[in-house]
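The values are calculated or read from the model by the stated rules, or taken from the named source; none is laboratory data. Predicted model, so just to flag it, every value in this text is computed and none were measured. Cβ placement follows ideal geometry from the backbone for every residue including glycine, while neighbour counts extend to all protein chains displayed. Calculation scope for accessible area: heavy atoms of the full protein, side chains included, ligands and nucleic acids excluded. Shrake-Rupley method; radii C 1.70, N 1.55, O 1.52, S 1.80 Å.
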Amino acid sequence: MDPTTSSTYVYGRASAVDQLDDWDLLPSVSAGSLSQEMFYEGRAVEEKSKFKSKLVSAWNSVKYGWTLKQKSKFNKGSPLIMLGKTYNLKDSGDKERFRRSYASFLWLTYRRGFPQLPGSSLTTDSGWGCVLRTGQMLLAQGLLIHLMPADWTWPVRFSGVKDDLDLLHPADWTAGEVGSKRGRKLSVGSLLDRPMEATHRRVVGWFADHPTAPFGIHTLVELGRSSGKKAGDWYGPSIVAHILKKAVAASADLPNLVIYVAQDCTIYLQDVRGLCERPLPQSWKSIIVLVPVRLGGQELNPSYITCIKKLLMLQCCIGIIGGKPKHSLFFVGFQDDHLLYLDPHYCQPAVNIKNNNFPLESFHCKHPRKMPFSRMDPSCTIGFYAKGQNEFELMCAAVNEAVSTSAETYPMFIFSEEKRQDVEEEIVSSITCIQRNGEPNNEDSNSMDEFVLI
């Protein structure tokens, strides 16, 4: 169904045009003329929807573009933790390493001007696709760890310009510059033949806003349709975890990688081994473990903050799909009582990755942002990566120790040596919630924020 005729519209889009069931009772209007009239009304609604979509895109570009380069203040006297690494900002070397590491995350944001999404006329995900984008960022981080050397960082310091999308006037062209007829100025870094540059670009291409990209917005929306989702709907962190699992399983580019999604806040180890084990002499498959959790009712239970910090201190952690209510963010670290994140809400033009030396700058963010833990939405999905069997066993031990810090409440999630008896591929309509009193509880959907509704 075209989401422009859906009764659940995002950001105040118009509700569906009423369909007249008794049109044949109106003798003064022929069926043909009424059908034509309804056709034009449908066209008008579609055009209105497109116009509103453009307005939302423009608003996000202005709103988040304005704040994008505002600098967050960091405490030089406190260590900054980012996915298992600690940075002392007093030290100039550590400060530079932090800057380069942060800029190496793939920054996947709202885009506009891409081909229409499956089953809709939408050409942008602005206003509704933020959880899909943060899910992409988590998966991208897992893929970079899976495919790149452990110490790899994007060589941002070689950039010759602030943005590869900067255009040159014809008079500024030189014989040594490589670019299109429009005179796109390529950064120095994109002209150098580095060993890992091809892999970096290949990973970026997998997330392109094009129907053929295995982890692009078009593929994720298509996979979400089997779970009752469509373009323009809200996607919760849990359902996005299952969509990512399906996307990796369907990809021919990653035969040695699988995704496991925990069920009922439990990681069933026999199920994981069943996914990863292969006959000798083949080795275990690498695995990304995604754990959807809800850490409180309408607000984050502060008892879990220490546990979240412990998890972000682990090198096996690849980030958290989380955010504020109705505002998804990709959490990658913390300093004191503030979370470090990447924000997908800046709406950028779609990039044609089929062009040689397509610009990379819009896929990386150079401006670290942070927010208080107290504003974190309780619904989130935590990601972990293990290269092989030994790494998986070490991961289980480290993660189990970290989650034990929430023992005063109900544990954030647990490990079980058993095999799950009732395995379901599709997500149930509710998620187990963790309350401070230590008892699991299925919250009524009316009491849950729209962002965390699953």
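A cut-off of 5 Å between modelled amide H atoms, ignoring neighbours fewer than 5 places along the same chain, links ARG420 with ASP271. Average 1/r across all pairs of distinct alpha carbons in the stretch 209-316, invert it, and you get the Kirkwood radius: 16.1 Å.
Given R₀ = 41 Å, FRET efficiency for ARG420-ARG202 by Cβ-Cβ distance, to 0.05?
E between ARG420 and ARG202, to the nearest 0.05, is 0.75.
Working note: Cα gyration tensor of the stretch 340-401, eigenvalues times five, square-rooted, sorted largest first, giving semi-axes of 32, 22, 10 Å. The lysine pair count for the stretch 297-416, using Cα distances under 29 Å and pairs eight or more places apart or on different chains, is 16. GLN116 to LEU275: FRET efficiency via 1/(1 + (r/R0)^6), r the Cβ-Cβ distance, R0 45 Å, to the nearest 0.05? So, using R0 = 45 Å, E works out to roughly 0.85. A dipole drawn for the stretch 281-432 from +1 and -1 charges on Cβ atoms has a positive end, and of LEU290, THR405, HIS367 the residue lying farthest that way is HIS367. Annotation: extensible slack from LYS95 through THR153 equals 19.5 nm (criterion: 0.36 nm per residue apart, minus Cα-Cα distance). With R₀ fixed at 35 Å, the C-beta to C-beta distance from ARG375 to LYS354 puts the FRET efficiency at about 0.30. Less than 5 angstrom separates the built amide H of PHE415 from those of ILE267, all sequence-distant by 5 or more or on a different chain. Note that the stretch 106-123 has calculated 3J(HN,Hα) couplings of 6, 9, 10, 10, 3, 10, 9, x, 9, x, 4, 6, x, x, 8, 9, 6, 10 Hz, one per residue in order, obtained from phi through the Karplus relation 6.51 cos²θ - 1.76 cosθ + 1.60 (θ = phi - 60°); glycine and proline are x. Assuming charge only on the beta carbon of Lys and Arg (+1) and of Asp and Glu (-1), the dipole of the stretch 242-387 about its Cα centre is about 140 debye to the nearest 20.
Between amide H atoms placed 1.01 Å from N, distances below 5 Å from LYS324 occur with LEU329, ASP377, all of them 5 or more places distant or on a separate chain. For the stretch 262-383, the per residue solvent-accessible surface stands at 35 Å², with DNA, RNA and ligands left out and a 1.4 Å probe.
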